[in-house]
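**Student:** Here it is: the structure, laid out below.
The values are calculated or read from the model by the stated rules, or taken from the named source; none is laboratory data. No experiment lies behind these values; they were computed from the predicted model shown. Methodologically, a virtual Cβ is constructed for each residue, glycine included, from the backbone with ideal geometry; neighbour enumeration extends over all protein chains shown.
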Amino acid sequence: MKKNTGKLESLFLNNENICMATDLYQLTMVAGYFERGINHKSTFELFVRDLPKNRSYLIAAGLEQAIYYLRNLRFTAEYLKYLKNLHIFKNVSGTFFNYLQDFRFSGDIYAVPEGTAIFANEPIIRVTASMIEAQIIETYLLSMINYQTLIASKASRVVHAADGRGVIDFGTRRAHGPQAGVLAARACFIGGCAGTSNVLAAKELGITPIGTIAHSWVMAYADEYESFQDFHKVFPGNTILLIDTYDTIKGAKLATRIGKKLKGVRLDSGNITLLSKRVRKILDDAGLEHVKITASGDLNEYKISQMLAKGACIDFFGVGTEMAISKDVPALGGVYKLVEQEQEGRLIPKMKFSKEKETCPSKKQVYRFLNKRGLFKKDIIGLVDEEFDAEELLQPVVKKGKLVYKIPTVQQIQRTAARNISQLPEKFKDMDCKTAYPVTISKRLESLRDKTIKEKRIK
């Protein structure tokens, strides 16, 4: 056990400690492979078995950070020393730790581009590398892809519900830690958000930072209008006022006294639908038709849809907790499974036979078919060498450890996501869609699966 030396620890990931952001069993397995001389060229695929409840699609996200991890994965002396001293590794040879010291990922990666709509059982990432290399990266890949895909998909639903009105990510304070907050901001933007309250994400990714005041600003003053005036004096070009600290209607009337330079007001509590209508009238009667109304306060796609259906006069929605942690579905069940190994020059299909968790063997590709209107028609999961008159979703990203993929900006990824959603038939965008998008496996893949099962049973 580490002694308490009084040293403060941030526990933030960096290039040096990223190697330890994994499950112990990944390291014990690769140590076992190394000691027993098992290091066949192997292929793993990352996919989601089942879509979460009330989800009809997912938006792939997290690939850029996964690539960064693969390109920077190193085992430094400090962490090698820590591993050597763990009791579980007492019988592992020093040669293994020498191997880790020189570790570099040298395999191949195929992946679905970020922003692409994906469905159950479709490979999102395919890794081909030595068994040790492919195994050791599992935890990080799953963590990154699962989380960002989950949040981007949730954000997409919220943006769709907003029906053309802007959605802003307000989730940093409720995310599962500051690191998650930054990743959530990125994923929310991919899902279609117009901006974020997270300053770091905004700076690093070129996303619009959005934020004004909290209730504490108003409460710090004895007079509500004085608080509005002072904020306007400091930020005359960005005066967006929070008007519900005491009395929303009174707050709205006070806000109109700022005049034509007032940019917006925000509602954060009460019956926002009703209040937004009354506030809109107050603003319009004062000749402030240009002033925008932002709503916030535990919003999600269902509440937004209901508010708009009742005629809410809202221009922007600030969404925090519900989106940044995907509150209704807080985890995505992505898995990473061995599908093929090369042994003595032969490709050996691998699959899991467990009931309800059966997988399909061998390297796969996702083939997407469009109808005459350019909308998604169906997907077929097939073997990599099959030929269909369809788009192949998995694209080469890394070859022999070298990046061969042009990393898009997050703005380009957002446009990809928007284009994919526009191509998704309307019925699959329903918040409670009960109809599954058609995804089947090819006849060749089905035949290989059945053959693999039969051969396994014979043995």
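**Student:** Is it the case that some residue within region 16-24 is surrounded by 15 or more Cβ atoms within 10 Å (Cβ to Cβ), among the hydroxyl-bearing types (Ser, Thr, Tyr), out of contact with any strand residue (DSSP E or B) (no Cβ under 9 Å at 6 or more places or on another chain) and modelled with pLDDT of 95 or more?
**Tutor:** yes
**Student:** Would you call ILE109 out of contact with any helix residue (DSSP H, G or I) (no Cβ under 6 Å at 6 or more places or on another chain), among the β-branched types (Val, Ile, Thr), farther than 20 Å from GLN412 by Cα and crowded, with 22+ Cβ neighbours inside 10 Å?
**Tutor:** It is true that ILE109 is out of contact with any helix residue (DSSP H, G or I) (no Cβ under 6 Å at 6 or more places or on another chain), among the β-branched types (Val, Ile, Thr), farther than 20 Å from GLN412 by Cα and crowded, with 22+ Cβ neighbours inside 10 Å.
**Student:** For region 438-459, what are the residues that are within 27 Å of LEU338 (Cβ to Cβ), in contact (Cβ under 8 Å) with a residue 24 or more places away in the chain and not in a helix (DSSP H, G or I)?
**Tutor:** If the condition is that a residue be within 27 Å of LEU338 (Cβ to Cβ), in contact (Cβ under 8 Å) with a residue 24 or more places away in the chain and not in a helix (DSSP H, G or I), then VAL439, THR440, ILE441, SER442 are the ones that fit.
**Student:** List the number of the failed condition for ALA252; all other conditions in (1) surrounded by fewer than 21 Cβ atoms within 10 Å (Cβ to Cβ); (2) closer than 25 Å to PHE231 by Cβ; (3) of a type in the set (A, V, I, L, M) hold.
**Tutor:** (1)
**Student:** Looking at LEU394, LEU370, LEU403, can you tell me which residue is more than 22 Å from the chain's Cα centre (by Cα) and either surrounded by 13 or more Cβ atoms within 10 Å (Cβ to Cβ) or outside the structural domain of ALA202 (by TED's automatic domain parsing) (or both)?
**Tutor:** None of the other options fit; the residue is LEU370.
**Student:** If you don't mind, there's one more thing I want to ask. Mind checking whether some residue in region 436-444 is of a type in the set (Gly, Ala, Ser) and either within 30 Å of LYS357 (Cβ to Cβ) or touching a Leu at 6+ places or on another chain (Cβ under 6 Å) (or both)?
**Tutor:** Yes, that holds for at least one residue.
**Student:** Please go through region 167-185 and pick out each residue that is part of a strand (DSSP E or B) and over 14 Å from the mean Cα position of the chain (by Cα).
**Tutor:** VAL167, ILE168
**Student:** Here is a follow-up. Whether any residue in region 370-382 is among the small types (Gly, Ala, Ser), over 13 Å from PRO113 (Cα atoms) and at pLDDT below 95 is what I want to check.
**Tutor:** So far as region 370-382 goes, no, none of its residues is among the small types (Gly, Ala, Ser), over 13 Å from PRO113 (Cα atoms) and at pLDDT below 95.
**Student:** Here is a follow-up. For PHE388, indicate whether it is at pLDDT 95 or above, assigned to a loop (DSSP other than H, G, I, E, B), out of contact with any Cys (no Cβ under 8 Å at 6 or more places or on another chain) and among the aromatic types (Phe, Trp, Tyr).
**Tutor:** Numbers: at pLDDT 95 or above: yes; assigned to a loop (DSSP other than H, G, I, E, B): yes; out of contact with any Cys (no Cβ under 8 Å at 6 or more places or on another chain): yes; among the aromatic types (Phe, Trp, Tyr): yes.
Judged against the criteria, PHE388 is a match.
**Student:** Then there's this: For region 264-321, give me the residue count where each residue is closer than 23 Å to PHE189 by Cα, touching a strand residue (DSSP E or B) at 6+ places or on another chain (Cβ under 8 Å) and either surrounded by fewer than 19 Cβ atoms within 10 Å (Cβ to Cβ) or not hydrophobic (A, V, I, L, M, F, W, C) (or both).
**Tutor:** Final tally of qualifying residues: 11.
**Student:** Filter region 135-157 for residues that are β-branched (Val, Ile, Thr) and more than 17 Å from THR116 (Cα to Cα); which is farthest from the chain's Cα centre (by Cα)?
**Tutor:** Residues of region 135-157 that are β-branched (Val, Ile, Thr), as a first pass: 136-137, 139, 145, 149, 151.
Cutting the leftovers down to more than 17 Å from THR116 (Cα to Cα) gives us 136-137, 139.
On the way: ILE136: 22, ILE137: 18, THR139: 15 Å.
Out of the qualifying residues, it is ILE136.
**Student:** Identify the residue in region 237-263 that is of a type outside the set (Val, Ile, Thr) and within 36 Å of the chain's Cα centre (by Cα) and, among all such residues, is farthest from VAL291 (Cα to Cα).
**Tutor:** The qualifying residue farthest from VAL291 (Cα to Cα) is ASP244.
**Student:** Would you mind stating whether VAL218 is assigned by TED's automatic domain parsing to the domain that holds ASP298, in a helix (DSSP H, G or I), within 19 Å of the chain's Cα centre (by Cα) and free of Cβ contacts under 8 Å to residues at least 60 places away in the same chain? Break it down into steps so the answer makes sense when it comes.
**Tutor:** Numbers: assigned by TED's automatic domain parsing to the domain that holds ASP298: yes; in a helix (DSSP H, G or I): yes; within 19 Å of the chain's Cα centre (by Cα): no; free of Cβ contacts under 8 Å to residues at least 60 places away in the same chain: yes.
When the stated conditions are applied, VAL218 does not pass them.
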